[in-house]
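The values are calculated or read from the model by the stated rules, or taken from the named source; none is laboratory data. Source: prediction; values computed, not measured. Backbone-built Cβ (ideal geometry, glycine too); neighbour counts: all protein chains shown.
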Amino acid sequence: MAASFSYPTAPGDPFVEFMRRSAQIKDEKLAAAIPREYFEPRPWRGLLGFAVSWALYLGAIVAMAFSPHWLLWIPLLVVAGLGGWGLHCIAHDCGHGSFSRSRRFNVAIGHIALLPLIYPFHAWRHVHNMHHAHTNNLELDTDWKPLPAAMYDRMPWWDKFVYHATRTWAFWGGTINYWRVSGFRPSFFPKREMRRDVRRSIWFVLAASALYFPPLVYFTGVKGLLLYFVGPWLATHAWFSATTLMHHSAADVPFLTSEHWTKNAGRLLLTTDYRYPRWLLFLTHNISVHTAHHVAPPIPFYNLPKAQEALKRAYPGMVRERDLKLSHLWTIIRRLHFYDTESGFYTDFSRGQVPPTADGGRERRAEPLRAAS
Amino acid sequence: MFKRKKRTREFEGPLTAENLRRWLTEHLADRVGIPVAEVDTGRTFESYGLDSRVAVQVSGALEKIVERRLSPGLLYEHPTIDALTAHLAAELRLADRV
């Protein structure tokens, strides 16, 4: 039975090459490549981001209320979602303690910034820390971890349905599923202090909900609830899911068992950054400058581009950057479904091996490796 | 509210390999419904009829004891009480006893 976790069973050249790069940086102090002054928070700059995202979120909702035609709701929901997602990115800095030097202030802003998602801040923060501590670890990562097909086959039908949906057509609901599984469940967390934090955040979300939802429904009806809260909530999750899925899933980026995984590989080699247009970088608070963030989570978002440049100079060819194209997301939801226990990369739902290349073999059709059993 | 009813046995004493082994033994005895004295620490969890759902629950309960995240597949990787204790003791650098 012990052999069941000795994956991959048939590592090919791409896996061997990955492990060579991983060994190369194993003992490096990666964060030392980033100048110390980039770690210094400027709370006013953070608050500007916080205000911009609230303005975007609330502005889009007000615009929906006065919209002359319902067709305008759709682009306005995308904008509201972008505002809500920007707020999440602010809470993200708060969670890493990089919003300000005051822990209390960070916790307060973090709780408020996650209200559009009704996400208990500490629950999100502790799960996110687990993701940082085990990025792309097949056993211990908390985000978008692919399952081996054999494990999927043994799951109950509902779990299968959720897994199948959130890795394909309902990818936008992936983070809703994480919220459902860990947001309101203190027992998810190993440490007693974590469970205490999480219970407090749950109370905060419940109190805010009790104050906000009854008047919202009273004055605007169920339609108002759907349009002014549920719609933007779904749209925010769509941004949240798409972004986080794309950061750590690529046909040529493996998930690793603990035997092969190292802290430094998790920090430097297992993230894909996307080059956003400037306006999108501004509105998402540089969330796509993600490798520097994984190397040094205490860096405030406005210093990440400079930090990333420093990292690229120190480790040429190691930071993965791609242009932002919808085709990347398309490849992920169309092909990257299961952890391939043979290669260490991916297979799709029909058990066809996905070539570990930058485009996931979009040009060619891979042959199924084995019969779907 | 939000506090789960304790269904698992309390962990008693300091975290040592011996206490961990004792907790696992008692926990397994509770699960399987046999006296503690009849538990063989060298026998696999699977042979006691523990399925994957229980294995995940046990690793979840263990997380609370060792206060760190553990692989849900832990009981498959270390399939006996002896193997699991040895693994956790090495991983957490535990003393055998106080």
Review point. Would it be correct to say that A:PRO148 is within 11 Å of chain B (Cβ to nearest Cβ), in contact with a Lys or Arg (Cβ under 6 Å, 6 or more places away or on another chain), surrounded by 15 or more Cβ atoms within 10 Å (Cβ to Cβ) and in contact (Cβ under 8 Å) with a residue 12 or more places away in the chain?
Key: no
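Checking the conditions here, which among B:ILE65, B:ILE81 is at pLDDT 90 or above, facing another protein chain (nearest Cβ under 10 Å) and crowded, with 17+ Cβ neighbours inside 10 Å?
B:ILE65
Scan region A:75-94 residue by residue and report those that are over 21 Å from A:ASN129 (Cβ atoms) and either β-branched (Val, Ile, Thr) or not in a helix (DSSP H, G or I) (or both).
A:VAL78, A:VAL79
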Review point. Are any of the residues in region A:33-41 surrounded by 13 or more Cβ atoms within 10 Å (Cβ to Cβ), among the hydrophobic types (A, V, I, L, M, F, W, C) and either without any contact (Cβ under 8 Å) to a residue 24 or more places away in the chain or more than 30 Å from A:PRO116 (Cα to Cα) (or both)?
Key: yes
Practice item. Kindly indicate the residue of region B:32-62 that is more than 22 Å from A:MET155 (Cα to Cα) and touching a residue at least 40 places away in the same chain (Cβ under 8 Å) and also nearest to the other protein chains (Cβ to nearest Cβ) among those meeting that condition. Key: B:GLY42
Review point. In region A:128-140, what residues are surrounded by 23 or more Cβ atoms within 10 Å (Cβ to Cβ) and facing chain B (nearest Cβ under 10 Å)?
Key: A:ASN137, A:LEU138
Revision key, fill the gap. Restricting region A:253-262 to residues that are touching a Lys or Arg at 6+ places or on another chain (Cβ under 9 Å) and more than 14 Å from every other protein chain (Cβ to nearest Cβ), the one surrounded by the fewest Cβ atoms within 10 Å (Cβ to Cβ) turns out to be A:THR262
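Yes/no matrix, rows are residues, columns are (1) aliphatic (A, V, I, L, M); (2) free of Cβ contacts under 8 Å to residues at least 60 places away in the same chain; (3) out of contact with any helix residue (DSSP H, G or I) (no Cβ under 8 Å at 6 or more places or on another chain):
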| residue | (1), (2), (3) |
| --- | --- |
| A:ARG199 | no, yes, no |
| A:TYR218 | no, yes, yes |
| A:ALA250 | yes, no, no |
| A:THR257 | no, no, no |
| A:THR262 | no, no, no |
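Inside region A:185-209, can you point out the residues that are within 14 Å of chain B (Cβ to nearest Cβ) and either under 12 Å from A:ILE118 (Cβ atoms) or among the aliphatic types (A, V, I, L, M) (or both)?
So in region A:185-209, the residues within 14 Å of chain B (Cβ to nearest Cβ) come out as A:185-207.
Hits for region A:185-209 are A:MET194, A:VAL198, A:SER201, A:ILE202, A:PHE204, A:VAL205, A:LEU206, A:ALA207.
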Review point. Can you pull out the residues in region B:13-22 that are polar (S, T, N, Q) and assigned to a helix (DSSP H, G or I)?
Key: B:ASN19
Point to revise | Filter result (free of Cβ contacts under 8 Å to residues at least 40 places away in the same chain and surrounded by 12 or more Cβ atoms within 10 Å (Cβ to Cβ)) within region A:4-31 | key: A:SER4, A:GLU17, A:ALA23, A:GLN24
Practice item. Please work out which residue is nearest to the chain's Cα centre (by Cα), limiting yourself to region A:239-258 and to residues that are assigned to a loop (DSSP other than H, G, I, E, B) and not acidic (Asp, Glu). Key: A:SER249
Point to revise | Filtered residue count, region B:23-62, keeping only those that are surrounded by 14 or more Cβ atoms within 10 Å (Cβ to Cβ) and in a loop (DSSP other than H, G, I, E, B) | key: 5
Review point. Across region A:269-294, what is the total count of residues that are part of a helix (DSSP H, G or I) and surrounded by fewer than 24 Cβ atoms within 10 Å (Cβ to Cβ)?
Key: 7
Point to revise | Filter pass, B:LEU70 being under 19 Å from A:SER6 (Cα atoms) and more than 10 Å from chain A (Cβ to nearest Cβ) | key: no
